[in-house]
1. Could you grab me the full set of residues in the stretch 135-151 that are open to solvent by 10 Å² or more (accessible area, probe 1.4 Å) and either touching a residue at least 24 places away in the same chain (Cβ under 8 Å) or β-branched (Val, Ile, Thr) (or both)?
2. Applying the selection to the stretch 184-233, what residues are free of Cβ contacts under 8 Å to residues at least 60 places away in the same chain, closer than 15 Å to residue 164 by Cα and open to solvent by 40 Å² or more (accessible area, probe 1.4 Å)?
3. Acidic (Asp, Glu) and at pLDDT 95 or above - does that describe any residue in the stretch 19-36?
4. Would you tally the residues in the stretch 57-85 being in a helix (DSSP H, G or I) and within 17 Å of residue 139 (Cα to Cα)?
5. What helices (runs of 4 or more DSSP H) lie completely within the stretch 113-182 and have 3 or more residues being within 25 Å of residue 78 (Cα to Cα) and within 17 Å of the chain's Cα centre (by Cα)?
6. If a residue has to be open to solvent by 10 Å² or more (accessible area, probe 1.4 Å) and in a loop (DSSP other than H, G, I, E, B) to count, how many in the stretch 86-108 make the cut?
7. In the stretch 183-197, is there at least one residue being assigned to a helix (DSSP H, G or I) and either under 19 Å from residue 116 (Cβ atoms) or among the small types (Gly, Ala, Ser) (or both)?
Amino acid sequence: ESLESATDEDDLREPSTALGLVTNLAEFDVAQVKGHYDIPVEMQPLVAQYIRFFQGGGRKWFRRWMSRSTRYIPLMQPILESQGLPRDTVYLSMIESGFNNQARSWAAAVGPWQFIAGTAKDYKLRNDFWVDERRDPVKSTYAASRFLSDLHGSLGHWYLAWAGYNTGGNRVRRMVAKQQTTDFWVLSDGKKGFAKETKHYVPKLIACALVAKHPEAFGFTQAEFQYEEPLVF
C-alpha cells in the first residue's frame with residue numbers, strides 16, 4: 001500500500017513512479033512534480049539539505065513517519081479538505097510529530113499537530129485531568145485546520161502561515177513589517193531574518209512532501225516501510 005491510496009478517484013496527481021531516480025539535487029527541476037501538489041513546492045538549498053538528511057542521518061526517522069503515514073493521512077486529508085485547506089497540508093503534521101499521537105516537545109507541545117496548551121484552548125481542544133484532545137487525531141486536525149486557515153487569512157501565503165504555525169503569527173507579521181516583504185526566503189536570509197528553527201521549518205516541510213510522495217525517486221525502496229493499516233471506525 002502506498003501514499004497514493006490516500007487520494008480520491010478524481011485526484012489527478014501522477015503516481016510516484018512517474019519520476020525517475022533523482023541523482024543530482026542541484027540539477028533537479030521541481031517543476032516536474034509541482035502538479036502533484038496542492039501546496040507550493042520549490043527547490044531551495046535548505047530543501048535539498050533536508051532531502052539529503054532524510055536520505056542519510058534521518059533515514060530511520062523518515063521510515064517510521066512513512067510507515068505511520070498510511071494510518072493517518074487517509075483520516076486527516078478529508079478533514080483538511082473539508083475545512084478549505086490543501087490536502088498536502090498533512091505533511092505539516094508529518095514534520096511536527098511523525099504522525100505520533102504521543103509526541104511531546106521540549107516546549108510541551110502535544111499530539112500529531114503539536115499544540116501548546118494556550119493554542120489548544122484557543123481552538124477548543126479540551127485539556128484537563130481526564131482527557132487531552134491534542135492527542136485526538138480527528139479533533140486536533142480540525143483545530144489545526146482552523147488555526148492554519150486563520151494564519152493564511154492574515155498572512156496571505158502558505159509559507160508564511162507555516163512559519164506562523166512554528167513561531168507565532170504576530171512574530172511573522174512583525175518580521176514582514178520590518179523587512180517590507182512577504183517573501184519567506186528573503187525573510188529567512190541573513191542574521192536579521194527568522195530564527196533558525198523557523199528558517200528551517202518551511203524547507204523541511206517541502207522536503208518531506210517531495211520525498212513522501214516520491215520515495216523511490218529519492219532513493220527509498222518500498223521494502224523499507226512497514227505501512228500501518230488506516231484507521232477505520
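1. Correct list: 135, 136, 137, 138, 142, 146, 147, 149.
2. 195, 196, 197, listed by residue number.
3. No - not one qualifying residue is present in the stretch 19-36.
4. Residues of the stretch 57-85 in a helix (DSSP H, G or I): 59-82.
Now narrow it down to the ones that are within 17 Å of residue 139 (Cα to Cα): 71-82.
Within the stretch 57-85, residues that are in a helix (DSSP H, G or I) and within 17 Å of residue 139 (Cα to Cα) number 12.
5. 137-155, 158-167
6. Keep residues of the stretch 86-108 that are open to solvent by 10 Å² or more (accessible area, probe 1.4 Å), which gives 86-87, 95-97, 100-108.
Right, trim to in a loop (DSSP other than H, G, I, E, B) and you get 86, 100-103, 105-108.
Number of matching residues: 9.
7. yes
The values are calculated or read from the model by the stated rules, or taken from the named source; none is laboratory data. All figures in this text were calculated on a predicted structure; none of them were measured in a lab. In this analysis, Cβ positions are derived from the backbone assuming ideal geometry, glycine residues included, and neighbour counts consider all displayed protein chains. Side chains are part of the model used for accessible areas, which takes the heavy atoms of the whole protein and leaves out ligands, DNA and RNA. Shrake-Rupley method; radii C 1.70, N 1.55, O 1.52, S 1.80 Å.
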